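What follows is a short report on a single structure.
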Amino acid sequence: MDLSRTARIGALCWIVAAPLFLAANVIVGLRWTRPPFSWAEHNISDLGNVSCGVWDTTRPRYVCSPWHDAMNASVLLTALLLAAGTVLTWRVAGSGRRVRAAQSLLLLAALGYALAAVFPADVDENAHVLGALLIMGLGNLGLLLAALAPHATTLGRLRALTLPMALIALAGTTLFFTQHGLGIGVGGMERVAVFPLPVWACCVGVAALRRPAPDHPRSAAEEGARQ
């Protein structure tokens with residue numbers, strides 16, 4: 001795959017998105033003191049809530065995120081990086097309905113990140129939940145479609161990476177929305193549902209940049225000069 005400069009920038013956007021998002025989860029969570037942030041008990045969204053107090057009638061828990069602005073800014077930047085990566089690598093991903101459908105769903109997932117960042121759960125819960133559905137629902141469905149892309153396409157050649165991550169993410173989504181923690185807590189299950197997509201994008205970006213470019217054929221003039 002001979003990447004153009006545009007596609008290389010897109011691959012770099014995908015590579016940066018996952019470390020940024022994961023680092024924000026860790027760093028902002030560490031700023032919690034009383035009580036400490038728990039990946040098993042608390043949702044990712046709790047890191048972005050702007051006010052302190054008991055939150056969520058289904059699973060009541062105390063939420064107070066001192067660095068909520070940093071979390072929401074990081075999630076918004078993650079959204080922009082995922083969207084830019086998808087758009088800038090649009091052509092090199094391949095062609096066909098499944099590839100285009102997968103790319104479209106990945107763009108909707110990026111929109112979901114943006115909605116979740118701009119509308120924290122305790123500011124506009126409906127918009128925030130819509131963002132979560134776009135990420136965990138349509139985004140993970142996009143991963144599955146990417147795994148089912150034809151083998152001749154770039155996405156299809158990465159099926160061994162994509163399919164397990166898609167199945168894990170979809171299983172995590174189902175268990176999260178049905179409130180089953182399976183020993184890691186409902187908050188932990190949300191991470192199982194959310195983290196695979198940006199991690200997959202990062203891996204795809206690395207694979208794209210590491211793939212050697214093919215040798216360029218010599219022109220007729222060059223061949224004539226060598227003779």
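Here are the numbers:
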{"quantity": "Scope region 28-62; condition of a type in the set (Lys, Arg), more than 22 Å from Val192 (Cα to Cα) and surrounded by 13 or more Cβ atoms within 10 Å (Cβ to Cβ); matching residues", "calculated": "Arg31"}
{"quantity": "Sole exception among (1) touching a residue at least 60 places away in the same chain (Cβ under 8 Å); (2) part of a helix (DSSP H, G or I) for Met71, by number", "calculated": "(1)"}
{"quantity": "Sole exception among (1) under 26 Å from Val206 (Cα atoms); (2) out of contact with any Gly (no Cβ under 8 Å at 6 or more places or on another chain); (3) not small (Gly, Ala, Ser) for Gln103, by number", "calculated": "(2)"}
{"quantity": "Any hit, region 165-181, residues being of a type outside the set (A, V, I, L, M, F, W, C), more than 18 Å from the chain's Cα centre (by Cα) and under 17 Å from Phe195 (Cβ atoms)", "calculated": "yes"}
{"quantity": "Residues satisfying the stated conditions in region 148-162, i.e. more than 15 Å from the chain's Cα centre (by Cα) and within 17 Å of Pro198 (Cβ to Cβ)", "calculated": "Leu155, Leu158"}
{"quantity": "Matching residues, region 69-106, being within 11 Å of Gly10 (Cα to Cα), out of contact with any Ser or Thr (no Cβ under 8 Å at 6 or more places or on another chain) and of a type in the set (Val, Ile, Thr)", "calculated": "Thr86, Val87, Thr89"}
{"quantity": "Candidates Leu107, Leu82, Leu115 - the one that is part of a helix (DSSP H, G or I), modelled with pLDDT of 95 or more, surrounded by fewer than 21 Cβ atoms within 10 Å (Cβ to Cβ) and out of contact with any Phe, Trp or Tyr (no Cβ under 6 Å at 6 or more places or on another chain)", "calculated": "Leu107"}
{"quantity": "Answer from Val118, Val63, Val129 - the residue that is in contact with a strand residue (DSSP E or B) (Cβ under 8 Å, 6 or more places away or on another chain) and over 30 Å from Thr153 (Cα atoms)", "calculated": "Val63"}
{"quantity": "Residues satisfying the stated conditions in region 181-191, i.e. of a type in the set (Val, Ile, Thr) and surrounded by 18 or more Cβ atoms within 10 Å (Cβ to Cβ)", "calculated": "Val186"}
{"quantity": "Hey, Leu76 touching a residue at least 60 places away in the same chain (Cβ under 8 Å) and either under 20 Å from Ala127 (Cβ atoms) or not charged (D, E, K, R) (or both) or not", "calculated": "no"}
{"quantity": "Residues satisfying the stated conditions in region 142-180, i.e. hydroxyl-bearing (Ser, Thr, Tyr) and surrounded by 15 or more Cβ atoms within 10 Å (Cβ to Cβ)", "calculated": "Thr153, Thr154, Thr162, Thr173"}
{"quantity": "Enumeration of residues in region 23-54 that are over 12 Å from Met71 (Cβ atoms) and outside any loop (DSSP other than H, G, I, E, B)", "calculated": "Gly53, Val54"}
{"quantity": "Hits in region 118-135 - residues which are surrounded by 19 or more Cβ atoms within 10 Å (Cβ to Cβ), assigned to a helix (DSSP H, G or I) and touching a Gly at 6+ places or on another chain (Cβ under 8 Å)", "calculated": "Gly131, Ala132, Leu134, Ile135"}
{"quantity": "Qualifying residue in region 63-72 (condition: closer than 14 Å to Asp122 by Cβ, modelled with pLDDT of 95 or more, among the polar types (S, T, N, Q) and surrounded by 13 or more Cβ atoms within 10 Å (Cβ to Cβ))", "calculated": "yes"}
{"quantity": "Counted residues, region 85-104 - those being surrounded by fewer than 20 Cβ atoms within 10 Å (Cβ to Cβ) and under 12 Å from Gly139 (Cβ atoms)", "calculated": "1"}
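The values are calculated or read from the model by the stated rules, or taken from the named source; none is laboratory data. No experiment lies behind these values; they were computed from the predicted model shown. So basically every Cβ, Gly included, is an ideal-geometry build from the backbone, and we count neighbours across all protein chains shown.
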